[in-house]
Structures are given as structure tokens and as C-alpha cells.
Amino acid sequence: MILYIKHNTINKSYVNALTYKNFLWHISYARDSLTYDLINDKIIKMNRYKTVAREGRGEYEDSKSVFQSYAASVETQAEAAAYIENVKAVGQCRHNVYAYALKDGCRKCYDDGEPARTAGAPALDAILHSGVSDVVVVVKRYFGGTLLGRGGLIRAYAKAASLALEDAGTAEFVLCDILSADVGYKTYNALAAELPKRGVIIDGARFDENVSLILKMPVLDVDNVEKLSAMIYNIKNKETKNEKISIVRVDRRFCAVSDGLL
């Protein structure tokens, strides 16, 4: 977890009616994928991000030099390094330039023999300008015999990286609590249609004596266990009011917005 503290003291009554107890819970539960920034006693959580949807490729040519580019989604520096090595093994070329940006703030670029900041930096800029993270880009240059100069190299590597990123498309992810809920059958019937309308995704169900549900809920400034309990209470009707429910948080991870999450 990365925690930036801009003040020496923490006011226990800060915005959004988030209790000091819940603040401590959020800090203790947060993982390295979540960044907190405490500014004027406000918490801003980076709980959404965009990455590439699939591996992308591009090709750009300038003065007989061919720039072949590759873009892929990675979550760690080790994954980025492995992808870079795989791409380097494809074909024989003079330069294998790369850049990557992770959602934890880690950024790296490498010119691989090109003049400083004419290759890796433009590729990294292309990633940042596209608004994605957890992404690595590799650009292979097959030299055509003509020197392109600093300006030409910057334009070529930026263009090649952009082509691969465009080809890869984008996917958005939101940080979610994964909850397990055991409910009665009458309660389940009342919930099945209502929960998706309230931003809760039913990701699985097992039907035994009771119904065991796996649910996804985006992480906000409230405890999702308490929020879901209140939500179910409001949905339940006279026929289900006596049925007991049990809710447990089992995981917290990023989930695709395309799954139906807001």
C-alpha cells in the first residue's frame, strides 16, 4: 500500500461520514493495488483503472526503418520483464525498446542503444496519454540504413507504441468486495431481480438447504457487509422477514466493469 500523509494529525470527523473506525479498517485491509492520498482529511481511493483488453500489435515505417510494436496487460514488474523477453526473442533486430506503467505507480522505460530519451520515453508517454495502466509496450526497430535524428526517432517510437495500444483496445476494472451470503429461498427470489439494479452482481449460487450466493460489490466509503445487510433488509418483504441471512467478506480484487459493475 502507498500512503501519502500531508498533515501530521488526522481529524476523526472527516468528509463523507466515514467513521474513524472504518478509516482504520480501510487502511489495514488495503492492498498494494490501492493508493490512499490523505489531503485535508479527505481520502481519495484509486479504485478504478483501465488497461488493455488484449494483446495489441502495430507497425510503422520511416525511411526504410520498420518499427514493430507490441502491447500487453501485465500486473507486476516480473510479468512485464517476462513479456519483454518473449518479444525480444521474436526476430533479430538492433533495438528492442520497452516501457511499462503499473497501477501501483511503477514506471520504467529503456532506450536499448538509441539516443537517450528518444525511444523508451516516447513509448512511455504513449501509454500515459492513452490513460491505461498495468501495460507494457515493446517496440522492435529494424534499421533501414538512414539515421532519423532525435525528432524522427521520438515520433517513430511514439507512433509505433500508439498503434499497438490502439489495436489492444481498453478494458476498465473496479475494485470489488467479494461477499458470500447465505439466504433462504424466499429471500433469494426477492433478491435475484433487485440486487443487480443496485450495483450488486450475483456471481454464483449454490442451492442446498439455503441458497449460498457469491456477490460482487464495488468498494466505496462504507463497509459493504453493512451496506449489503441493509440493502437486503430493505428488499425483503413480509413473506421473507423471518428468514435469517449470513454475510461474510471473502476477498477483495479488481473486477471487469463489463461484468455489469458500474
Exercise for review: Pairs only if they're at least six apart or on different chains, beta carbon under 8 angstrom, first in the stretch 210-229 and without any contact (Cβ under 8 Å) to a residue 60 or more places away in the chain, second aromatic (Phe, Trp, Tyr); list them, first residue then second.
Suggested key: ASN210/TYR185; VAL211/TYR185; VAL211/TYR188; LEU213/TYR188
Practice item. Could you run through the stretch 88-113 and say how many residues are farther than 23 Å from LYS50 by Cα and out of contact with any helix residue (DSSP H, G or I) (no Cβ under 6 Å at 6 or more places or on another chain)? Key: 10
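Residues in the stretch 251-260: is at least one part of a loop (DSSP other than H, G, I, E, B), at pLDDT below 90, out of contact with any Phe, Trp or Tyr (no Cβ under 9 Å at 6 or more places or on another chain) and of a type outside the set (Lys, Arg)?
Our first condition is that a residue be part of a loop (DSSP other than H, G, I, E, B); within the stretch 251-260, this holds for 260.
Going one step further and asking which of them are at pLDDT below 90, we end up with 260.
Subsequent filtering for residues that are out of contact with any Phe, Trp or Tyr (no Cβ under 9 Å at 6 or more places or on another chain) retains 260.
Remaining after also requiring of a type outside the set (Lys, Arg): 260.
Looking through the stretch 251-260, at least one residue is part of a loop (DSSP other than H, G, I, E, B), at pLDDT below 90, out of contact with any Phe, Trp or Tyr (no Cβ under 9 Å at 6 or more places or on another chain) and of a type outside the set (Lys, Arg).
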Check your understanding: Of the conditions (1) over 20 Å from the mean Cα position of the chain (by Cα); (2) surrounded by fewer than 17 Cβ atoms within 10 Å (Cβ to Cβ), GLY199 fails just one. Which one is it?
Key -> (1)
Point to revise | Boolean, ALA80 is closer than 13 Å to ILE154 by Cα, surrounded by 15 or more Cβ atoms within 10 Å (Cβ to Cβ) and among the hydrophobic types (A, V, I, L, M, F, W, C) | key: no
Check your understanding: Is it true that some residue in the stretch 126-144 is of a type in the set (S, T, N, Q) and over 24 Å from GLU172 (Cα atoms)?
Key -> no
**Study point:** Yes/no for LYS103 being part of a loop (DSSP other than H, G, I, E, B), closer than 30 Å to LEU220 by Cα, basic (Lys, Arg) and touching a Phe, Trp or Tyr at 6+ places or on another chain (Cβ under 9 Å)
**Key:** yes
Exercise for review: Could you check LEU213 against (1) closer than 29 Å to CYS109 by Cα; (2) at pLDDT 95 or above and say which number it fails?
Suggested key: (1)
Study note, to complete from the structure: Considering the stretch 53-83, residues that are under 22 Å from GLY131 (Cβ atoms) and assigned to a helix (DSSP H, G or I), and then whichever is farthest from the chain's Cα centre (by Cα), we arrive at TYR83
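Within the stretch 20-79, track down each residue that is hydroxyl-bearing (Ser, Thr, Tyr) and either farther than 26 Å from ALA126 by Cβ or modelled with pLDDT of 95 or more (or both). Before the answer, list the steps.
Our first condition is that a residue be hydroxyl-bearing (Ser, Thr, Tyr); within the stretch 20-79, this holds for 20, 28-29, 33, 35-36, 49, 51, 60, 63, 65, 69-70, 73, 76.
If the condition is that a residue be hydroxyl-bearing (Ser, Thr, Tyr) and either farther than 26 Å from ALA126 by Cβ or modelled with pLDDT of 95 or more (or both), then TYR20, SER28, TYR29, TYR36, THR51, TYR60, SER63, SER65, SER69, TYR70, SER73, THR76 are the ones that fit.
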Point to revise | Residue tally, condition surrounded by fewer than 21 Cβ atoms within 10 Å (Cβ to Cβ), of a type in the set (Gly, Ala, Ser) and under 24 Å from the mean Cα position of the chain (by Cα), over the stretch 84-122 | key: 2
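Inspect the stretch 231-249 for any residue being modelled with pLDDT of 95 or more, farther than 30 Å from ALA119 by Cβ, more than 23 Å from the chain's Cα centre (by Cα) and surrounded by fewer than 19 Cβ atoms within 10 Å (Cβ to Cβ) and give the result as yes or no.
Keep residues of the stretch 231-249 that are modelled with pLDDT of 95 or more, which gives none.
No, there is no match, as no residue in the stretch 231-249 is modelled with pLDDT of 95 or more, farther than 30 Å from ALA119 by Cβ, more than 23 Å from the chain's Cα centre (by Cα) and surrounded by fewer than 19 Cβ atoms within 10 Å (Cβ to Cβ).
The values are calculated or read from the model by the stated rules, or taken from the named source; none is laboratory data. As the structure is a computational prediction, the values presented were derived from the model and not from experiment. Methodologically, a virtual Cβ is constructed for each residue, glycine included, from the backbone with ideal geometry; neighbour enumeration extends over all protein chains shown.
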